[in-house]
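Worksheet for the structure shown next.
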Amino acid sequence: MAGEGQQISLLDGKEDKFGGVEVNLMEVESMTVDDFDTKLDLSLKAWKDQGKKGIWVKLPRERSSLVDTAIKKGFTYHHAENEYVMLTSWLGEEPSTLPANASHRIGIGAFVLNKNGEMLVVQENSGYLKDRNVWKVPTGTIKEGESIWAGAIREVKEETDIDTKFVEVLAFKESHQAVWQRKTDIFFVCELEASTFEIKIQESELSAAKWMPVEEYVNQPFHAEEGKEMFKLIANICLKRSKKEYMGFHNVHTTKSLKESLYCSADQSANLLSETCDEASTSTSL
């Protein structure tokens, strides 16, 4: 028989740091459904014999025909991006410890002050506040790999053409089941300082934008409506900050190559990196 005795290779996988296996088929030039079916069967048996538990298979969108085969063998969807779908399978007898897909989305609201103490406000041409004559701070979503402070600066520039520099994170809130009725939304309120002042709105998102006295923004009737307590809280934080009666969190950069930032108390941030631990001061007596 033709091909008899021909050895069939396993799927090319590498062990991850948790003792599982990661299979990346993004660079595989071609693979039929039958080939994948056979290789996956043999691979699963070999991995189970080796004591592997968590299996990850990354399939490019060009190989979407292979998804059904994996699902029938016990794989489940983990997440998907534009260019691939990630599938997982748990081979252990105990409950799975594979991490879930991303559970949060990060958003920002920008409290931007000019040199006259006025704040930047906008009206959106779509969404919850459309046609309600309510002025709000510029808002947006942080992009993948983007810092909170950088995303705040970018969103303000995109929406209003105003250049700013980051000052502080004033507060943040969380809203559960806010994204696709499933994910949690984390929303950071950031203070920015304007360095340019002429507004040019992004017409695809905004219907208007202007500089407004902070008190006028806070005293909008909308903030006094029932069920709008969160809007009122944020507005009052902005008001107190404009009067220097509220202190937020500075960003302290650590390892630049990793683009890390720590957000901490503004009155302590300047000294944290230079402080050392005094053994005597941390000891306790019984």
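The values are calculated or read from the model by the stated rules, or taken from the named source; none is laboratory data. The shown structure was predicted, so the numbers you read here are calculated from the model rather than taken from an experiment. In this analysis, Cβ positions are derived from the backbone assuming ideal geometry, glycine residues included, and neighbour counts consider all displayed protein chains. The protein model used for the area step is the full one, side chains on, heavy atoms only, and it has no ligands, DNA or RNA in it. Shrake-Rupley method; radii C 1.70, N 1.55, O 1.52, S 1.80 Å.
The calculated FRET efficiency for E146 paired with E81, based on their beta-carbon distance and R0 = 22 Å, is about 0.85.
Shown here for region 158-188: chymotrypsin sites (Phe, Trp or Tyr not before Pro) in loop regions (DSSP other than H, G, I, E, B) with at most 11 other Cβ atoms within 10 Å, namely W180.
Applying 0.36 nm per residue to the separation of K48 and S126 and subtracting their alpha-carbon distance, the gain on full extension is 22.9 nm.
Using the Cα gyration tensor of region 134-247, with a ≥ b ≥ c the square roots of its eigenvalues, what is the shape: rounded (a/c below 1.5), prolate (a/b larger than b/c) or oblate (neither)? The shape class here is rounded.
Using 0.36 nm per residue and subtracting the Cα-Cα separation, the extra length available between S175 and K17 on full extension is 53.6 nm.
Annotation for K183 and S65: the two label points, set 7 Å from Cα along the Cα-Cβ direction, are 3.2 nm apart.
Couplings 3J(HN,Hα) of region 210-215, computed from phi: 6, 8, 9, x, 4, 4 Hz, in residue order, whole Hz [Karplus 6.51 cos²θ - 1.76 cosθ + 1.60, θ = phi - 60°; x for Gly and Pro]. Take I201: with every protein chain present and a 1.4 Å probe, its accessible area is about 50 Å². Computed with every protein chain present, the accessible area of M31 is close to 40 Å² [probe 1.4 Å]. Take every DSSP beta bridge whose two residues both sit in the chain, then give the antiparallel share in percent to the nearest 5. Antiparallel bridges make up about 75 percent of those DSSP assigns within the chain.
The amide H of Y84, built 1.01 Å from its N in the peptide plane, has R61 as neighbours under 5 Å, considering only residues 5 or more places off or on other chains. The protection proxy used here, the mean number of other Cβ atoms lying within 10 Å of each residue, ranks peptides 218-229, 146-157, 85-96 as follows, highest first: 146-157, 85-96, 218-229.
In the assembled protein chains, M119 presents an accessible area of approximately 0 Å² (probe radius 1.4 Å).
Spin-label pair A100-S9: with each label point 7 Å from Cα along the Cα-Cβ axis, the two points sit 3.8 nm from one another. For region 231-238, the Karplus equation 6.51 cos²θ - 1.76 cosθ + 1.60, evaluated at θ = phi - 60°, returns couplings of 4, 5, 4, 5, 4, 6, 4, 4 Hz by residue, with Gly and Pro reported as x. Here the 3J(HN,Hα) profile of region 39-56, calculated from phi with Karplus coefficients 6.51, -1.76 and 1.60 at θ = phi - 60°, is 5, 5, 4, 5, 5, 4, 5, 5, 5, 5, 4, 7, x, 6, 10, x, 10, 10 Hz, Gly and Pro shown as x. The charge dipole of the chain, taken about its Cα centre with unit charges on the Cβ atoms of Lys, Arg (+1), Asp and Glu (-1) only, comes to about 440 debye. Between the amide H of L91 and those of G54, I55, distances stay under 5 Å, these residues lying 5 or more places away or on another chain, with hydrogens modeled in the peptide plane.
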